[in-house]
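Peer 1: The structure is given below, and queries will be raised subsequently.
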Amino acid sequence: MKYISASQILPEYLLHELQKYVHGSIVYVPSPEGSRKKWGEVSGQREYFQKRNLEIKQLFRMGHSIDQLMCSYCLSEDSIRKIVYKKDK
C-alpha cells in the first residue's frame, strides 16, 4: 500500500468535499470488493502450499508414515494429520 496525496489525484471539488469530513489525516481507500485477491495469490504462497500439501497427501497414500512426513517437511503431527485427512473438494 503506497501513500498518495489526495490533492494529486482527486478533482478540486471532491477534495473540498472530503476535507469537510476529515483533514490532515490519512484515509485508507480499499479496493473494490470484486478486485480483491485472496491471501497468497499475489506472492505465490497459496500455490506453493497447495502443491506442498498435495505432495504430502500423495506420499501418505504411497505408504509414508506421519512421522516420516513430519521430518521431511518440518511440520507438526497435527499439521500433517490435517493435511492428509482433509477431504478433497
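Quick note: the coordinates plus some simple rules give every number you see, no bench work behind them. From a predicted model like this one, the values you see are computed outputs, not experimental measurements. Methodologically, a virtual Cβ is constructed for each residue, glycine included, from the backbone with ideal geometry; neighbour enumeration extends over all protein chains shown.
Peer 1: For Lys57, go through the aspartates and glutamates and keep the ones whose alpha-carbon is under 16 Å away, minus same-chain ones fewer than eight residues off.
Peer 2: Within the straight-line cut-off, Lys57 pairs with Glu47, Asp67, Glu77, Asp78, Asp88.
Peer 1: Let me spell out the model: positive unit charges on the Cβ of Lys and Arg, negative unit charges on the Cβ of Asp and Glu, origin at the Cα centre of region 43-89. What dipole size does that give, in debye rounded to 20?
Peer 2: 280
Peer 1: As I understand it, the dipole of the chain uses +1 on the Cβ of Lys and Arg and -1 on the Cβ of Asp and Glu, about the Cα centre. Which of Val84, Gln45, Gly34 lies farthest toward its positive end?
Peer 2: Going by the Cα projections, it comes out as Val84.
Peer 1: When the Debye formula is applied to the Cα atoms of the chain, each taken as the same point scatterer, what base-10 log of I(q)/I(0) results at q = 0.12, 0.22 Å⁻¹?
Peer 2: So the normalised log intensities are -0.60, -1.10.
Peer 1: Given Cβ point charges of +1 (Lys, Arg) and -1 (Asp, Glu) and nothing else, what value in debye, to the nearest 20, does the dipole of the chain about its Cα centre take?
Peer 2: 380
Peer 1: If the chain between Gln8 and Ser43 were fully stretched, how many nm would it gain, using 0.36 nm times the residue separation less the Cα-Cα distance?
Peer 2: Extra length available between Gln8 and Ser43 comes to 9.7 nm.
Peer 1: If you don't mind, there's one more thing I want to ask. Please name whichever of Tyr73, Ile4, Leu18 sits farthest to the positive end of the charge dipole of the chain, dipole taken about the Cα centre and charges placed at Cβ: Lys and Arg +1, Asp and Glu -1.
Peer 2: With unit charges placed on the Cβ atoms, the residue in question is Tyr73.
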